[in-house]
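The values are calculated or read from the model by the stated rules, or taken from the named source; none is laboratory data. This structure is a prediction, so every number in the text was calculated from the model and none was measured. Here the Cβ positions follow ideal geometry from the backbone for every residue, glycine too, while neighbour counts run over all protein chains shown.
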Amino acid sequence: MTDRHFRSCTLCEAMCGIVIETEKGQITSIRGDEADAFSRGHICPKAVALKDLHEDPERLRRPVKRVGAEWVEISWNEAFDLVERGLKNVQSQYGRNAIASYLGNPTVHSLGAMMFGSAFTKSLGSRNRYSATSVDQLPHHLAAMWMFGHPLLIPIPDLDRTDHLLIFGANPAVSNGSLMTAPDAAKRLKEIRARGGRVVVIDPRYTETAKLADGHYFIRPGSDALLLLALLNVVFAEGTDRLGSATEFTDGLAELKTLVASFPPDRVAKSTGISAEAIRKIARDFSAAPRAVAYGRVGVSTQEFGGLACWLITALNVVTGRIDSPGGAMFTRPAVDMIHLGTDLAGARFGRWKSRVRGLPEFAGELPVSALAEEMDTPGEGQVRALVTHAGNPVLSTPNGVRLDRAIAKLDFYVAIDFYINETTRHAHVILPPTAALERDHYDLVFHVLAIRNTAKYSPPLFPKPKGTMHDWEILIELAQRMRRGLWKRLSGRVKAAVIKRAGPRGLLDRGLRTGPYGRDGLSLSKLDSAPHGIDLGALEPCLPARLRTKDKRIHLVPDLVVADLARLEQTVAKSNIPRDGELSLIGRRELRSNNSWMHNSERLVRGDRQCTVLMHPEDVAVRKLTDGDRVRITSRVGAIELELEASDAMMPGVVSIPHGWGHGRSGTKLTVAAAHAGASINDLTDDIRIDVLTGNAGFSGVPVHIVRASS
Ligand SMILES: Nc1nc2c(c(=O)[nH]1)N[C@H]1C(S)=C(S)[C@@H](COP(=O)(O)OP(=O)(O)OC[C@H]3O[C@@H](n4cnc5c(=O)[nH]c(N)nc54)[C@H](O)[C@@H]3O)O[C@H]1N2
Ligand SMILES: Nc1nc2c(c(=O)[nH]1)N[C@H]1C(S)=C(S)[C@@H](COP(=O)(O)OP(=O)(O)OC[C@H]3O[C@@H](n4cnc5c(=O)[nH]c(N)nc54)[C@H](O)[C@@H]3O)O[C@H]1N2
Ligand code: SF4
Ligand SMILES: [Mo]
């Protein structure tokens, strides 16, 4: 008897519908769900690896504690007692700020963790809260907050209706779209061209997305803000600016015009590597298209001018009348409206406090993770002595991973909520493993907010929760309860927890749906229960100014904080950011069969080699008297790694690329397959000091490196 189960894949942002067939409790096949309301049958190779994740004997099912170099399985009760004692000891000895927490990327891909993850880390009462946000999309949140009044009011490219997509630093053909949930993004890009539109890509690498585009321009890493200023300069100089309906509720147009006046294309051509003529063409084509949208992702948010770049992309959309307009940059109307709910981001502020050592600014209660290692290894009042991680691997995913690795190893106490013993969690004293994707239910609270179409889908669990295991939300509630301060708080916490436990994520989700924008029309969880392929709620629709969350209900085209940061950019122009003395500029990349740092224990995803190589333009290879396939040594200010060299004319000369998430062969991890395909970590080269000063985000793109043949 074959059973068929429909759900959404939770590995990346694309929310692909999948059909999983099982026989006698064993997964026999995973395919794309042709009937899915959104993904039209698309999947990528990673979805099939959900089977490997589910069956992986190295995935933890029971809590473990570290005894010397050994891991010993213990009961949940013992584990919680150890954690409570470990954390409270540090709190009573060194104060609340001595415990740091870090929420990793998969937190957002779990309904339970989304609901209770930050509730727990907040219950610790520490200013040292961190997450993957500050190595990722932080500048996009801030630009949205400063311009539209809410960090989740991120404009989404209306991919299916645009005639002109201008992409900065994103590779949706591989990533499947980010801050642009778009299953089968590659096909949707092809459709733009099929209907006579254009796709133009700005990227230091001729990417898989660039191959699908009409135009591609190499750009010097980190110089997008300059290019964008020049594009705006051309728009104003040629009088093609037109705000359309946004005229009524937009402030700052004259100021923006003045600011960009000093950035004519000639002035930025050398720093960006794009000729003045090409810049004019990019601007003209963009302005001339009936429906166009500019879009930027990781390549622009994880660079030293990430805040400026993200702001300017949206500013370009606003002044050319693309904001809130079909085929342009639009806002979603999600079934659970995170913008109305009292989430962490709702009352988000910026810079209410600063990190102890370097004075980096807080956002929404979190500090930039580039500061985490120094908060651990710099002695003094407030030094971090304990760590909690949830679904993260910051040793591989944050800048200067080596320093963090060393610092974590010296902590008094570390608890990881994770089901793998990876490069970070190997240092934990206790690991609490939650159930994995197929054993729990799911609804994408976040990615429905960031999707190119309004849809809603609930995935029930495929397998019942195995005996003796716990869901992430159950672990998080238990921990939050144990860490609460004061008798009254503990008691009221217990009552609340009991109510919440009974309702569970399902009950809270149902409330979110009923009070959401479609609740009045009867959308509820039971409706979703009877729609296993999801429900289509239609294309994105204009919603401004009503949806703005700025106090004055107006778009702020030129937020105060960005103006000050332009001076920093000016200094870079003066210096010109072209590397000297044989220096190369390092950028990252993602690959279809790889998912950040954590799916490399799946044999089928790591099979075939050459995933973790350093890509270099053939001219740069020749100058260094190297050959394709050589083992090379790459050094930066913070460290050195060795990798295989791959000559590639897809690289901009002077720029090299290494994928992140590798570097597995370290002692004490329990990832046998990954260790056999170890690679090396790009973040052993990236620099914790190199940040976007405006936002605090990591500045991964453009790290200066030197490369020589490795001595054998
Ligand atoms: N297969 C796969 N898919 C994934 C992931 C994965 O690991 N693997 N991860 C998921 C996650 S967590 C995220 S956040 C998304 C990210 O989604 P994307 O942002 O679409 O993915 P990247 O491949 O990182 O694309 C960044 C691009 O920026 C370019 N770039 C680097 N520096 C610069 C620069 O200074 N300027 C410009 N203009 N371009 C630059 C790089 O060459 C690269 O092509 O992908 C998600 N999807
Ligand atoms: N140089 C460079 N560095 C980068 C990037 C880059 O482009 N270049 N990209 C950055 C980006 S965009 C991101 S998002 C980060 C990601 O960085 P992180 O979030 O720190 O790391 P991940 O690799 O996603 O690690 C995920 C961990 O979560 C665990 N896990 C998976 N599912 C679950 C679950 O359901 N519950 C729990 N509790 N644990 C789970 C896995 O076992 C793994 O240990 O990396 C960043 N680092
Ligand atoms: S693109 Fe791949 S990993 Fe992402 S949701 Fe779809 S099937 Fe899953
Ligand atoms: Mo990410």
Fill in: Candidates Gly663, Gly629, filtered to the one that is touching a strand residue (DSSP E or B) at 6+ places or on another chain (Cβ under 8 Å), more than 16 Å from ligand 4 (Cβ to nearest atom) and under 30 Å from Ala373 (Cβ atoms)
Gly663
Practice prompt. Determine if region 611-632 includes at least one residue that is at pLDDT below 95 and over 22 Å from Gly222 (Cα atoms).
Written response: yes
Response to the item:
Cβ pairs under 8 Å, 6+ apart or interchain, first in region 171-182 and within 14 Å of Ile452 (Cβ to Cβ), second small (Gly, Ala, Ser) and within 10 Å of ligand 2 (Cβ to nearest atom), ordered by first then second residue, are Pro172/Ser178
Response to the item:
When restricted to Pro45, Pro63, the only residue of a type outside the set (Ser, Thr, Tyr) and surrounded by fewer than 17 Cβ atoms within 10 Å (Cβ to Cβ) is Pro45
Practice prompt. Only residues that are hydroxyl-bearing (Ser, Thr, Tyr) and either within 16 Å of ligand 4 (Cβ to nearest atom) or not in a helix (DSSP H, G or I) (or both): list them for region 271-320, please.
Written response: Ser275, Tyr295, Ser301, Thr302, Thr320
Discussion item. Here is a check on your reading of the model: is Leu253 out of contact with any strand residue (DSSP E or B) (no Cβ under 9 Å at 6 or more places or on another chain) and crowded, with 23+ Cβ neighbours inside 10 Å?
Written reply: no
Fill in: Any strands (runs of 3 or more DSSP E) falling wholly within region 407-483 and containing at least 3 residues that are more than 29 Å from Gly519 (Cβ to Cβ)
413-417, 430-432
Discussion item. If I filter region 75-92 for residues that are closer than 30 Å to Ala456 by Cβ and surrounded by 21 or more Cβ atoms within 10 Å (Cβ to Cβ), do I get at least one hit?
Written reply: no
Item to complete: From the list Asp581, Asp565, pick out the single residue that is over 30 Å from Cys9 (Cβ atoms), assigned to a loop (DSSP other than H, G, I, E, B) and acidic (Asp, Glu).
Response: Asp581
Worksheet, complete the sentence: Within region 683-712, restricting to residues that are under 20 Å from the mean Cα position of the chain (by Cα) and not in a loop (DSSP other than H, G, I, E, B), the one that is nearest to Arg633 (Cα to Cα) is Asp684
Worksheet item: Can you name the condition, by its number, that Trp146 falls short on among (1) among the aromatic types (Phe, Trp, Tyr); (2) within 30 Å of Leu561 (Cα to Cα); (3) buried (at least 24 other Cβ atoms within 10 Å of the Cβ)?
Response: (3)
Response to the item:
Picked from region 103-136 (must be within 16 Å of ligand 4 (Cβ to nearest atom) and either charged (D, E, K, R) or touching a Cys at 6+ places or on another chain (Cβ under 9 Å) (or both)), the residue farthest from Ala391 (Cα to Cα) is Asp136
Worksheet item: Residues of region 636-677 being in a strand (DSSP E or B) and among the hydroxyl-bearing types (Ser, Thr, Tyr), which ones?
Response: Ser657
Response to the item:
Filtering region 590-609 for residues that are outside any loop (DSSP other than H, G, I, E, B) and touching a Lys or Arg at 6+ places or on another chain (Cβ under 7 Å) leaves a count of 1
Worksheet item: Going through region 576-591 one residue at a time, which ones are touching a Ser or Thr at 6+ places or on another chain (Cβ under 9 Å) and at pLDDT below 95?
Response: Ser576, Asn577, Ile578, Pro579
Worksheet item: Ala680: assigned to a loop (DSSP other than H, G, I, E, B) and either within 16 Å of ligand 4 (Cβ to nearest atom) or among the small types (Gly, Ala, Ser) (or both), yes or no?
Response: yes
Worksheet, complete the sentence: In region 327-370, residues that are touching a residue at least 60 places away in the same chain (Cβ under 8 Å) and not in a loop (DSSP other than H, G, I, E, B) total 10
Worksheet item: So which of Glu570, Glu541 is modelled with pLDDT of 95 or more and not assigned by TED's automatic domain parsing to the domain that holds Leu253?
Response: Glu541
Worksheet item: For the subset of region 430-470 comprising residues that are more than 23 Å from Ser178 (Cα to Cα) and among the charged types (D, E, K, R), which member is surrounded by the fewest Cβ atoms within 10 Å (Cβ to Cβ)?
Response: Lys467
Fill in: Subset of region 2-19 [near ligand 3 (Cβ under 7 Å from one of its atoms) and touching an Asp or Glu at 6+ places or on another chain (Cβ under 6 Å)]
Met15, Ile18
Worksheet item: If we keep just the residues of region 592-607 that are more than 8 Å from ligand 1 (Cβ to nearest atom) and of a type in the set (Ser, Thr, Tyr), which is surrounded by the most Cβ atoms within 10 Å (Cβ to Cβ)?
Response: Ser597
Item to complete: Could you grab me the full set of residues in region 49-60 that are crowded, with 19+ Cβ neighbours inside 10 Å and within 16 Å of ligand 1 (Cβ to nearest atom)?
Response: Ala49, Leu50, Leu53
Discussion item. Would you confirm whether or not region 568-591 contains a residue that is within 23 Å of Pro221 (Cα to Cα), touching a Gly at 6+ places or on another chain (Cβ under 7 Å) and small (Gly, Ala, Ser)?
Written reply: yes
Discussion item. Criterion first (more than 16 Å from Gly534 (Cα to Cα), of a type outside the set (Val, Ile, Thr), within 16 Å of ligand 2 (Cβ to nearest atom) and surrounded by fewer than 18 Cβ atoms within 10 Å (Cβ to Cβ)) does Glu23 satisfy it?
Written reply: no
Response to the item:
Residues in region 380-400 that are out of contact with any strand residue (DSSP E or B) (no Cβ under 6 Å at 6 or more places or on another chain), part of a helix (DSSP H, G or I) and either within 16 Å of ligand 4 (Cβ to nearest atom) or under 16 Å from Phe419 (Cβ atoms) (or both) total 2
